[in-house]
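Got a structure for you, questions after.
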Amino acid sequence: METEKIEKILEENGYDRAGLIPILQDVQTEFNYLPQEALSYVAEKLEIPLIDVYCVASFFKSFSLKPRGEHLVTVCLGTACHVKRASSVLDEIEKRLGIRPGENTEDMQFTLETVNCLGACALAPIVVVDGDYYGQTTTKKIDSILKTYKRGDKKE
Amino acid sequence: MPKVTINGLEFEAEKGSTLLEVADFLGIEIPTLCYHEGLSPYGACRLCVVEIGVGENTRLVTSCTYPVQEGLNIRTHSERVVRTRKMLIELLLATCPSSKVIQDLASKFGVTQVRFKQEHNDCILCGLCVRMCAEQMDGKAIGLVGRGDDLKITTPFDIKSEQCRLCGGCMYICPACQLRCQGPDVEEAVCNACLNLEPPCLESWDDAMCYMDPCVACEVEYSRKPKVKKEKTSKEQS
Ligand code: FES
Ligand code: FES
């Protein structure tokens, strides 16, 4: 485990117990998920019981305790998106990536997840990839969205 | 010192005390499940509900967490409270039908049937064990992990915690761990059989097991246990 990296994150956050969430966010950005050793290390350094750190980490959907792929694909299945046929969008993505929600593709490029409402229902159905919002998605658009992120031919 | 009215009785309560403490002091019995004197109140089971307010504007609050306020009108056994309590017990019973503590509550409050699908969970998420571990045992080995439907009590990463000294405090306080009578092996079991007036299981069993109608245990383990007479001495069923 690269303790220096975590040490640096802790330092930047001033070893502040109250700042546990921002610290975990930084750890997650660093490693793409929250490794067990990292949580133990953070708990030890901040002198918080490990269980408390674990409770926080398991509570928020944005934290992942399992390794995640390079790109996070989130499909909204909230009410508005559901009405706008988000489920068929999800089906399409599942088919394209060959994984189910909560899973990673074998090459660790993509992770698929679902959420219940992103608070942008006017754009339903919504797909978010790495924080980029794609509103009014249709099954036809999926291919081009995913292509943008496929390794090697990223457009930007 | 805030003045409150509890069941029509005027009372000067100590500042900062909870409604449950006031009722306790006055000898008014309010059932509790997730409350324990030595632990901080948590308000999870809702069993200790009381009705506060006057006229149309009443509402139910959990007495174990609600602090006294000047002029509060409290009713601990109003029709609404009693009805709610019964419903709560019924729901708890559906979640965890084999718990002796819950069965005893059901028996005490006259809940004799469960209209919900029985879940047979082994945890009702009352959080007693978590508080016991943290507050009395200085352990902090377990906690409420996840949220919503996935909420459960466990150790970090679901593996044995380094903080755990195997003191057993969590099991000692757990209302769901205390199993009710587990079948015909009466010697080894705790149960409410003595409270049964007309136990339905006597038709097919040598010994009464519970007072539930329909019998919860029989529904649970119907396939596992003999329907007709069985020798008391045999152990292979336990
Ligand atoms: S339901 Fe999808 S954003 Fe609200
Ligand atoms: S005892 Fe008050 S909510 Fe459980």
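For segment B:110-116, just list the computed ³J(HN,Hα) in residue order, Karplus coefficients 6.51, -1.76 and 1.60, θ = phi - 60°, integers in Hz, with x standing in for Gly and Pro.
x, 8, 10, 8, 10, 9, 10
Can you compute the charge dipole magnitude of segment B:128-173 about its Cα centre, using +1 on each Lys and Arg Cβ and -1 on each Asp and Glu Cβ, nothing else charged? Give it in debye, rounded to the nearest 20.
Details: 6 positive and 6 negative charges, 14 e Å.
Dipole magnitude for segment B:128-173 comes out near 60 debye.
Taking θ = phi - 60°, what integer Hz values does the Karplus form 6.51 cos²θ - 1.76 cosθ + 1.60 yield along segment A:65-79, in sequence order, with x for Gly and Pro?
So the J values, rounded to whole Hz, are 8, 10, x, 10, x, 5, 10, 9, 9, 10, 10, 7, 10, x, 4.
Still on this structure: Relative to the longest principal axis of the C-alpha atoms of chain A, give the angle of the C-alpha long axis of helix A:3-12, reported between 0 and 90° and rounded to the nearest 10°.
90
Could you let me know the centre-to-centre spacing of segment B:37-83 and segment A:67-133, using Cα atoms, in angstrom?
Value for the Cα centre distance between the two parts: 44 Å.
Okay, next question. Between A:ALA120 and A:GLU30, what is the FRET efficiency for a Förster distance of 22 Å, r being their Cβ-Cβ separation, to the nearest 0.05? All intermediate terms of the calculation are to be shown ahead of the outcome.
On the way: r = 28 Å, r/R0 = 1.27.
After rounding, the FRET efficiency stands at 0.20.
So, one more: Measure nothing but the geometry: give the 0 to 90° angle between the long axis through the Cα atoms of A:86-97 and the longest principal axis through the Cα atoms of chain A, rounded to 10°.
80
Relative to the longest principal axis of chain A, what angle (0 to 90°, nearest 10) does the C-alpha long axis of helix A:20-31 take?
It is inclined by approximately 70 degrees.
Which value, in Å² rounded to 10, gives the accessible area of B:ASP122 with a 1.4 Å probe and all protein chains present?
Approximately 130 Å² of B:ASP122 is accessible to the 1.4 Å probe.
Going from most exposed to least, what order do A:GLU103, B:GLU10 have by accessible area with a 1.4 Å probe?
Working: A:GLU103 80, B:GLU10 145 Å².
Result, largest first: B:GLU10, A:GLU103.
In segment A:10-57, which residues become less accessible by 30 Å² or more once every protein chain is in place, relative to the chain on its own, using a 1.4 Å probe?
Those are A:GLN36, A:PRO49, A:LEU50, A:ILE51, A:TYR54, A:CYS55, which lose 30 Å² or more relative to the chain on its own.
For B:ILE6, tell me the accessible area in Å² from a 1.4 Å probe, rounded to the nearest 10.
Answer for B:ILE6: close to 0 Å² accessible.
Taking H placed 1.01 Å from N in the peptide plane, check which residues at least 5 places from A:PHE110 or on another chain put their amide H under 5 Å from its amide H.
A:GLU70, A:HIS71, A:THR105
Can you give the accessible area of A:ASP16, probe radius 1.4 Å, in Å² rounded to 10?
Around 70 Å² of this residue is reachable by solvent.
Same structure, new question: Distance check, please: which entries in A:LYS8/A:LYS45; A:LYS61/B:LYS152; A:LYS84/B:LYS152; B:LYS86/B:LYS140 exceed 22 angstrom between their Cα atoms? Please list the in-between numbers first.
Working: A:LYS8/A:LYS45 12 Å; A:LYS61/B:LYS152 16 Å; A:LYS84/B:LYS152 33 Å; B:LYS86/B:LYS140 34 Å.
Over 22 Å apart, Cα to Cα: A:LYS84/B:LYS152; B:LYS86/B:LYS140.
The values are calculated or read from the model by the stated rules, or taken from the named source; none is laboratory data. Keep in mind that this is a model prediction, so the values were computed, not measured. When we count neighbours, we look across all protein chains shown, and the Cβ atoms used for this are built from the backbone with ideal geometry, even at glycine. To get the accessible areas, we keep the full protein, side chains included, count just its heavy atoms, and leave off ligands, DNA and RNA. Shrake-Rupley method; radii C 1.70, N 1.55, O 1.52, S 1.80 Å.
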